[in-house]
Amino acid sequence: MQTVQPIRLPSTPAVRDWSALLKRAGIYAALLLGAVVVVIPFAWTVSTSLKTPQEVFTFPPRWIPDPVAWSNYPEALSSQPFGRWLLNTLLVVLVSTFGTVASCSMVAFAFARLRWPGRDICFLILLATMMLPDQVTIIPTFILFRELGWVNTFLPLIVPAFFARNAFYVFLLRQFFMTIPLDLDDAARLDGAGSFQVYLYMILPMSKPALAVTALMFAQFKWNEFLAPLIFLNNSEMYTVALGLRSFVGQEYGTDWHLMMAANIVFMIPLILIFFFAQKYFIQGVVITGVKG
Amino acid sequence: MQSSPPRAFSLFHRSRPRQRAQHYRRSEAIAGLLMASPWMIGFLVFVAGPMIYSLYLSMTRWDLFTPPQWIGLDNFTTLLTDDPTFFQALKITTIYAFIGVPLQVGLGLVLATLLNQKIRFLSLFRSIYYLPSVIGGISVAIMFRWIFGTQFGLINGMLSGLGIQGPSWLGDPSWVMVSFVLMSLWGSGASMLIYLGALQSIPTELYEAADVDGAGTLAKFFRITIPMMTPVIFFNMVMGIIHALQEFVLPFVMTSGGPADASLFLVLYLYRNAFQFFQMGYASAIAWLLFIYILLLTLLVVRSSSAWVYYEGSVRGR
């Protein structure tokens, strides 16, 4: 009886082929090196956050803190109104994310699935605003909110979100909505649904992944947002965490690096956790639009 | 649509038959306008209105407290002829964008090519490389401010282990921009995801044909991979440069623009004028120059793109 030899294609890496093996080893080495370079700043931040003030300033630097100063964390969080900042940030992030998802999805629906006069021109304008640097509008926006008496409130950080101010997400959702067959809308309309019902009861439930992408990307952006809080919030009770982190720099007795790093870790943990648990959504966002947020 | 030349952005779905497109169904048109109205209001109130107001402000002198004073184009002439600090900021920002972003793109491409081999732990590598773009500028600034420290910084610590005395990364005017560019490379993994997706959509027949012709790895990379990727590379390069020209948090937190304005980015200079010196008119003029700069740059790159960006016959680029 004859055994059938599996056919090897020329391009399949054969283990005995030394040059191929070497090449693969090189690839892994390069990838590993890159990964180490990416991870080192994080690892160093964790390491510093667990050092005593004396050990922070040892040279050459040591990686493993001895003793491990866990107390840096409670100290960092209590040396500043950190809890308050966290609540502020959560409020701003949650409300503005809701506003963005609600307004951008509705607008995207209008652009993707309804015909109305001026639609294509409006869409071009919308695309143009994606390229527009925020700095061109920041001064007049500041003046507008100042006139309204909104400085030192969260309104400047929240209200624009309800008006689809971040055109990128309209674009993202529109691209997604376009992939849903239009026949579905027609069928729903035959059953007597109006445009808003089609949007609310059919398109939105079918678009949960895209909505999740939007919510996650926007929440991440908002959590990290710096310039707008810097301009609109000047009472330290009203700070968001991103803005408050700066208070650790250059206090009277210089920068408390160990506390600052501890605070930075606390600030980054939600981002990293969300990223690892919802990676596929982040990656999908990149794939749908071809742009990173 | 079919006969139109390939474009960088094939965003408009095929129009419906013309006779229908001309006559909007009344209820649908009303619904469309209503549902798009949040964006329209937002655009008028938060974008168009402020832009016009900002243009007006740029022609005034205004300290926020006394009424604005009309001075015509004085702010612009001062900026362009009599403000060395502005030129310093322009220079620094341009260097950062035009050196940093191409390097990021290159590194992102290399990473994507490596990850595109059949390797293990693909998703782990992918997550790690993407990580820097999940955390925001403020965290990055804090981490690297510490890492770049002259005396107790990690990099100089490691260098001294090799017997090298490291420079004052953030304190030396000739090193500070090098530090910023290096730091921006740390985040190049983000675009890697996009390139990885693009790489996987290159038809394998092209590589097979090249194999038959006896092409080597490098030849395949430069003759097939790169040309097929140009639309994606191009788009990300433009977006990256636009983004880099607006950098603010990193210099603000790490160096405050110093030493000796060596890392004074344009937006930082804008911020200083507006919110520290309260020269709202002057700051608005800077904002407009930045806007014009970005606009011209985008136009220039888009127009020159036909010389080097390769689009397939079909309209499917991004």
The stretch B:247-302 - residue that is surrounded by fewer than 20 Cβ atoms within 10 Å (Cβ to Cβ) and among the polar types (S, T, N, Q) and, of those, modelled with the lowest pLDDT: B:Thr298
Taking A:Tyr199, is it in contact (Cβ under 8 Å) with a residue 60 or more places away in the chain and farther than 23 Å from B:Val238 by Cα? yes
Quick one: in the stretch A:15-60, of everything that is facing chain B (nearest Cβ under 10 Å) and part of a loop (DSSP other than H, G, I, E, B), which residue is nearest to the chain's Cα centre (by Cα)? A:Phe57
Across the stretch B:200-217, which residue is nearest to A:Gly244 (Cα to Cα) among those that are in a helix (DSSP H, G or I) and of a type outside the set (Val, Ile, Thr)? B:Gln200
Within the stretch B:104-128, track down each residue that is outside any helix (DSSP H, G or I), more than 7 Å from chain A (Cβ to nearest Cβ) and surrounded by fewer than 16 Cβ atoms within 10 Å (Cβ to Cβ). B:Lys118, B:Arg120, B:Phe121
Restricting to the stretch A:173-196, what's the tally of residues that are surrounded by fewer than 14 Cβ atoms within 10 Å (Cβ to Cβ) and at pLDDT 90 or above? 1
For the stretch B:46-55, name all the residues that are within 15 Å of A:Ala164 (Cβ to Cβ) and either more than 7 Å from chain A (Cβ to nearest Cβ) or in contact with a strand residue (DSSP E or B) (Cβ under 9 Å, 6 or more places away or on another chain) (or both). B:Ala48
Considering only residues that are aliphatic (A, V, I, L, M), outside any helix (DSSP H, G or I) and within 12 Å of chain A (Cβ to nearest Cβ), which ones fall in the stretch B:218-276? B:Leu245
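State which residue is surrounded by the most Cβ atoms within 10 Å (Cβ to Cβ) when the search covers only the stretch A:159-172 and only residues that are in contact with a Pro (Cβ under 9 Å, 6 or more places away or on another chain) and assigned to a helix (DSSP H, G or I).
Ranking the candidates gives A:Phe163 first.
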Filter result for A:Asn235 (modelled with pLDDT under 90 and among the polar types (S, T, N, Q)): yes
If you take just the helices (runs of 4 or more DSSP H) that sit entirely in the stretch B:1-98, which of them hold at least 1 residues that are surrounded by fewer than 20 Cβ atoms within 10 Å (Cβ to Cβ) and at pLDDT 90 or above? B:26-42, B:49-57, B:74-82, B:84-95
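Any idea which residue in the stretch A:131-158 is surrounded by the most Cβ atoms within 10 Å (Cβ to Cβ), counting only those that are hydrophobic (A, V, I, L, M, F, W, C) and within 9 Å of chain B (Cβ to nearest Cβ)?
A:Ile139
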Quick test for you: out of A:Ser105, A:Ser78, pick the one residue that is crowded, with 23+ Cβ neighbours inside 10 Å and either of a type in the set (Gly, Ala, Ser) or touching a strand residue (DSSP E or B) at 6+ places or on another chain (Cβ under 8 Å) (or both). A:Ser105
Of (1) free of Cβ contacts under 8 Å to residues at least 24 places away in the same chain; (2) surrounded by 21 or more Cβ atoms within 10 Å (Cβ to Cβ); (3) in a helix (DSSP H, G or I), A:Thr97 fails just (1)
Tell me whether the stretch B:57-77 contains one or more residues that are more than 10 Å from chain A (Cβ to nearest Cβ), of a type in the set (D, E, K, R) and either in contact with a Ser or Thr (Cβ under 7 Å, 6 or more places away or on another chain) or within 30 Å of B:Leu182 (Cβ to Cβ) (or both). no
State all residues of the stretch A:109-121 that are in a helix (DSSP H, G or I) and either farther than 16 Å from A:Gln175 by Cβ or modelled with pLDDT under 90 (or both); if no residue qualifies, say none. A:Ile121
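The values are calculated or read from the model by the stated rules, or taken from the named source; none is laboratory data. Just so it is clear, the structure is predicted and the values come from calculations on it, not from any experiment. No Cβ is skipped: glycine too gets one built from the backbone with ideal geometry, and neighbour counts run over all protein chains shown.
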